[in-house]
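So the structure is just underneath, and the comments pick up after that.
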């Protein structure tokens, strides 16, 4: 299949390895990956912080950039969630019926990575090899907006060599929440402390998730406390081979 | 403990986070109730259908609120009650005080009512020389200790038994009587004290969980029995109800009495639910008054997206699943209504100038929306209210946040600008430090977390390199 | 307050300017796909009722006829040391236990009710799904004060009064009359979340299911 990559501004700038891994993985599975270079940002930060006018401009741009793409993959649960869940609200607030139609059509064409693999490409064993002890944090957008369920876990279970350990209280928010992390840093840190505690209880070497935003927050805390545990995006685990 | 000036949520939360007893107690309480709620909801296979019916009935009611309030007034009046209209708390308090004075009563017994707390009822009565006695055990504890509630359902959860023992010893115990800290013994002391009041005070005041327009029925949901006492024994009963408490029909109660107990205390049904319409000869109060309270609710109604806030049936399920509330408790919200529902209701009732930090007191995790029995989309309403806060910021000239977000939007507006901004972020090596040497607001991040290094190559640079045959990254 | 009603109604109508004037309340669809009845044989329903009432720490007895009932009630009175028992005026003669001072509720004062050791009533209905009993002001359930002040409530429910769901209850009881739903004895969890029985309402509830 021809799959278009929505890399997200966050991954593009701070976590390019995740994008590279996504490309390598999909090509290994025999698919063609394209990258519309006009893409910039989906507008999530602006929308969630209350700047919906600015977000609307970014929504329109996104719709235009991806207008001709049939299948769009995104290695970020929160950005995929933004497109599917919040874009209709942005169009509604802007009072723009045409935009509303466009985003409705777009929603069904955007897939978070685990959704793409399991639902669209119908694969759970992607031929990966990753001999490490790993625990998985589901992230709020994947869990509650996209409702990906256990797709990421099914993909991870099929990885050869992996020692997958269940995370306690996994459904609890890690405390990132975008600008929440800097507007309410004390509460964010208190929530992070409990997430770190649960990660460390698994004795995992790696904590993974479908969102680098959460991983940057969790990983930042794990590093500050010199815990010897690191964070790796789901795509990078699935792309790893012998 | 009351403050006259708000600290704002970030500062108030910071203080609360350091209160270790509060955190232990609230953590234990919310975890316990969460588990109970999950168990009784699991039992039902029509929970989602009930939620949808609850949401829809509320939508129907709110869209036609004037007609339903008129119907309620007519039904209550036909049943022998009297209806009063209060635009704000001061009017509501004046009405109730007037009723007490007309009956020469310097005392009132009351059932827990968030609406009465909202309008500072007890203080208003005190100012007119009327003592309003709380009769819920937790409210009694708060009242005797001159304290403030920290949870909608278990308001004294921040107090432990030793503190309560000391309080009761000081305020309730008879001369020479020694009070132990056994919960049963503490409850017994409260029971004796309050029974004297129940048998003597002629005026009772309650809130309302629901008011049925079709029949003029008021419904009060409780556990201890003090609600039954206050609504049955006094000669005169006054109910203060927010105008959003109305339901269309008697039959609609079946949905809400199925949703509320499981959502609030995690029980199939709470111990006592009282339903009455006006006055009944030979049974209960001889005089009944219903005070319909606006106090900002019409403002909430006017926002057609945020209007769903008024669906709330005050179950507190959202408080019990909120990771923010679990760590800060209720006082940090500086409002009668804390937690997720408080973060959207309070700013709409008291205004954004007063409570503009509350819409940001959330990581938007969505756990509240999942459990709300009337499907209030709290995360979306939070974002909507953030938009209103931002609209006010835009009115100011040179607000730094507005400038920063506009700059970012500009950077994202074309490929060229975006790619230049990417190079700039790498060039400055601002993020490359990872220690505390960054300016605010980034310093809020590095206070507790390391920052990653900004990679030397962006994804799109790698992609282009690949296309030009320069091998993988 | 003069003018308050008019002003409030005006504000509400203005707030609802987005609602089309021709829309009626019933135009707002309400889907009622929840279960309105329990699909189970009567015997299972009665068993569920008995079990769920008992889970609230009320004592449940199943009796097969008025004389067995009167014996069970007498035994309960003895067990609790009841000397004076208030009785709702419509309680049948053959339910009344021997060996106690029976006080028919002919306008007893609150003080007299408070001084009594217990109260005996019938009821209007029960709900199996939630283990609930419904009292409806009248001769059989009594007026509300009598089942509230004494510390022991003995409540008789007949098998055909046991319904399945909350929905069925609201079809059975009479809107307009005071109705009290009782699900267990009085309780509070306000002190460190310890569930403590009995603060204000009757601390002991015994339910007699008359088959």
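The values are calculated or read from the model by the stated rules, or taken from the named source; none is laboratory data. On a predicted model such as this, the values are computed, not experimentally measured, just so you know. Positions of Cβ are generated from backbone atoms using ideal geometry, with glycine treated the same way; all protein chains shown enter the neighbour counts.
I need the full set of residues from the stretch C:106-122 which are assigned to a loop (DSSP other than H, G, I, E, B) and touching a strand residue (DSSP E or B) at 6+ places or on another chain (Cβ under 6 Å), in order please. Reasoning before the result, please.
Of the residues in the stretch C:106-122, the ones assigned to a loop (DSSP other than H, G, I, E, B) are C:106-109, C:116-117, C:122.
The answer is C:116, C:117, C:122.
Out of everything in the stretch C:35-81 that is over 21 Å from the mean Cα position of the chain (by Cα) and in a loop (DSSP other than H, G, I, E, B), what residue ends up being nearest to residue B:268 (Cα to Cα)?
The extreme case among them is C:35.
Check C:126, C:122, C:65 and return the single one that is out of contact with any helix residue (DSSP H, G or I) (no Cβ under 7 Å at 6 or more places or on another chain) and at pLDDT 95 or above. Steps first, please.
Values: C:126 fails: out of contact with any helix residue (DSSP H, G or I) (no Cβ under 7 Å at 6 or more places or on another chain); C:65 fails: at pLDDT 95 or above.
Result of the check over C:126, C:122, C:65: C:122.
In the stretch A:197-239, what residues are under 15 Å from the mean Cα position of the chain (by Cα), outside any helix (DSSP H, G or I) and away from chain B (no Cβ under 11 Å)?
Passing the criteria: A:207, A:208, A:209, A:210, A:211, A:232, A:233.
If residue B:30 satisfies every condition in (1) loosely packed, with under 14 Cβ neighbours inside 10 Å; (2) within 23 Å of the chain's Cα centre (by Cα) but one, which is the exception?
Exception for residue B:30: condition (1).
Give the residue that is farthest from residue C:19 (Cα to Cα), with candidates limited to residues of the stretch B:66-79 that are more than 8 Å from chain C (Cβ to nearest Cβ) and surrounded by 16 or more Cβ atoms within 10 Å (Cβ to Cβ).
B:76
Restricting attention to the stretch A:89-103, does a residue exist that is touching a residue at least 12 places away in the same chain (Cβ under 8 Å), closer than 27 Å to residue A:206 by Cα and touching a helix residue (DSSP H, G or I) at 6+ places or on another chain (Cβ under 9 Å)?
no
If a residue has to be surrounded by 14 or more Cβ atoms within 10 Å (Cβ to Cβ) and either within 14 Å of chain B (Cβ to nearest Cβ) or outside any helix (DSSP H, G or I) (or both) to count, how many in the stretch A:85-110 make the cut?
Final tally of qualifying residues: 13.
Suppose the filter is buried (at least 24 other Cβ atoms within 10 Å of the Cβ) and at pLDDT 95 or above; does residue B:223 pass it?
Working: buried (at least 24 other Cβ atoms within 10 Å of the Cβ): yes; at pLDDT 95 or above: no.
So residue B:223 fails the test.
Keeping to the stretch B:90-110, report how many residues are within 17 Å of residue B:232 (Cα to Cα) and surrounded by 21 or more Cβ atoms within 10 Å (Cβ to Cβ).
4
If I filter the stretch C:101-125 down to residues being under 29 Å from residue C:54 (Cβ atoms) and within 11 Å of chain B (Cβ to nearest Cβ), which single residue comes out as surrounded by the fewest Cβ atoms within 10 Å (Cβ to Cβ)?
So, considering only residues that are under 29 Å from residue C:54 (Cβ atoms) and within 11 Å of chain B (Cβ to nearest Cβ), the one surrounded by the fewest Cβ atoms within 10 Å (Cβ to Cβ) is C:114.
Conditions (1) outside the structural domain of residue B:59 (by TED's automatic domain parsing); (2) modelled with pLDDT under 95; (3) farther than 26 Å from residue B:52 by Cα; (4) part of a helix (DSSP H, G or I), marked per residue:
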{"residue": "B:307", "(1), (2), (3), (4)": "yes, no, no, yes"}
{"residue": "B:327", "(1), (2), (3), (4)": "yes, no, yes, yes"}
{"residue": "B:332", "(1), (2), (3), (4)": "yes, no, yes, yes"}
{"residue": "B:337", "(1), (2), (3), (4)": "yes, no, no, no"}
{"residue": "B:341", "(1), (2), (3), (4)": "yes, no, no, yes"}
{"residue": "B:345", "(1), (2), (3), (4)": "yes, no, no, yes"}
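Within the stretch B:251-264, does at least one residue satisfy the condition of being touching a residue at least 60 places away in the same chain (Cβ under 8 Å) and either under 30 Å from residue B:103 (Cβ atoms) or in a strand (DSSP E or B) (or both)?
no
Can you tell which of B:310, B:293 is touching a helix residue (DSSP H, G or I) at 6+ places or on another chain (Cβ under 8 Å) and buried (at least 24 other Cβ atoms within 10 Å of the Cβ)? Steps first, please.
Values: B:310 fails: buried (at least 24 other Cβ atoms within 10 Å of the Cβ).
Result of the check over B:310, B:293: B:293.
Can you tell me which of (1) closer than 20 Å to residue C:56 by Cβ; (2) within 14 Å of another protein chain (Cβ to nearest Cβ); (3) in contact with a helix residue (DSSP H, G or I) (Cβ under 8 Å, 6 or more places away or on another chain); (4) touching a residue at least 40 places away in the same chain (Cβ under 8 Å) is the one residue C:166 doesn't meet?
Among (1) closer than 20 Å to residue C:56 by Cβ; (2) within 14 Å of another protein chain (Cβ to nearest Cβ); (3) in contact with a helix residue (DSSP H, G or I) (Cβ under 8 Å, 6 or more places away or on another chain); (4) touching a residue at least 40 places away in the same chain (Cβ under 8 Å), the lone unmet condition for residue C:166 is (4).
I'm checking my understanding of the structure. Among residues of the stretch A:1-39 that are crowded, with 23+ Cβ neighbours inside 10 Å and assigned to a loop (DSSP other than H, G, I, E, B), which one is farthest from the other protein chains (Cβ to nearest Cβ)?
For the stretch A:1-39, the residue satisfying everything is A:6.
Going by what's in this entry, would residue C:154 be described as buried (at least 24 other Cβ atoms within 10 Å of the Cβ) and within 13 Å of chain B (Cβ to nearest Cβ)? Walk me through it before giving the result.
Working: buried (at least 24 other Cβ atoms within 10 Å of the Cβ): yes; within 13 Å of chain B (Cβ to nearest Cβ): no.
No, not satisfied.
What is the residue count in the stretch A:52-84 for residues that are in contact (Cβ under 8 Å) with a residue 60 or more places away in the chain, farther than 18 Å from residue A:18 by Cβ and within 11 Å of another protein chain (Cβ to nearest Cβ)?
0
Please go through the stretch B:250-284 and pick out each residue that is closer than 18 Å to residue C:53 by Cα, more than 7 Å from every other protein chain (Cβ to nearest Cβ) and at pLDDT 95 or above.
B:261, B:262
Before we move on, is residue B:361 surrounded by 21 or more Cβ atoms within 10 Å (Cβ to Cβ), touching a residue at least 60 places away in the same chain (Cβ under 8 Å) and in contact with a helix residue (DSSP H, G or I) (Cβ under 6 Å, 6 or more places away or on another chain)?
Values: surrounded by 21 or more Cβ atoms within 10 Å (Cβ to Cβ): yes; touching a residue at least 60 places away in the same chain (Cβ under 8 Å): yes; in contact with a helix residue (DSSP H, G or I) (Cβ under 6 Å, 6 or more places away or on another chain): yes.
For residue B:361, the condition - surrounded by 21 or more Cβ atoms within 10 Å (Cβ to Cβ), touching a residue at least 60 places away in the same chain (Cβ under 8 Å) and in contact with a helix residue (DSSP H, G or I) (Cβ under 6 Å, 6 or more places away or on another chain) - is met.
Based on what the data block shows, is residue C:89 in a loop (DSSP other than H, G, I, E, B) and in contact with a helix residue (DSSP H, G or I) (Cβ under 9 Å, 6 or more places away or on another chain)?
Working: in a loop (DSSP other than H, G, I, E, B): yes; in contact with a helix residue (DSSP H, G or I) (Cβ under 9 Å, 6 or more places away or on another chain): no.
Taking the combined requirement at face value, the residue does not satisfy it.
Could you check the stretch A:40-51 and list, in sequence order, the residues that are under 20 Å from the mean Cα position of the chain (by Cα), at negative phi and either assigned to a helix (DSSP H, G or I) or at the interface with chain B (Cβ under 9 Å from one of its Cβ atoms) (or both)?
Result: A:40, A:41, A:44, A:45, A:46, A:47, A:48, A:49.
Among B:316, B:335, B:362, which is the only one that is within 14 Å of chain A (Cβ to nearest Cβ) and more than 28 Å from residue B:81 (Cβ to Cβ)?
Working: B:316 fails: within 14 Å of chain A (Cβ to nearest Cβ); B:335 fails: within 14 Å of chain A (Cβ to nearest Cβ).
Every option except B:362 fails the conditions.
Quick check, is residue B:96 touching a residue at least 60 places away in the same chain (Cβ under 8 Å), more than 11 Å from every other protein chain (Cβ to nearest Cβ), in a helix (DSSP H, G or I) and more than 30 Å from residue B:326 (Cβ to Cβ)?
yes
Considering the stretch B:228-240 alone, what residues qualify as being surrounded by 24 or more Cβ atoms within 10 Å (Cβ to Cβ) and either within 23 Å of residue B:85 (Cα to Cα) or not assigned by TED's automatic domain parsing to the domain that holds residue B:70 (or both)?
As a first pass, look at the stretch B:228-240 and keep what is surrounded by 24 or more Cβ atoms within 10 Å (Cβ to Cβ): B:228-234, B:237-240.
B:230, B:231, B:234, B:237, B:238, B:239, B:240, listed by residue number.
From the list A:182, A:148, A:123, pick out the single residue that is in a helix (DSSP H, G or I) and either surrounded by fewer than 19 Cβ atoms within 10 Å (Cβ to Cβ) or within 14 Å of chain B (Cβ to nearest Cβ) (or both). Step through it out loud before you land on a result.
Numbers: A:148 fails: in a helix (DSSP H, G or I); A:123 fails: in a helix (DSSP H, G or I).
Selected residue: A:182, the only one of A:182, A:148, A:123 that is in a helix (DSSP H, G or I) and either surrounded by fewer than 19 Cβ atoms within 10 Å (Cβ to Cβ) or within 14 Å of chain B (Cβ to nearest Cβ) (or both).
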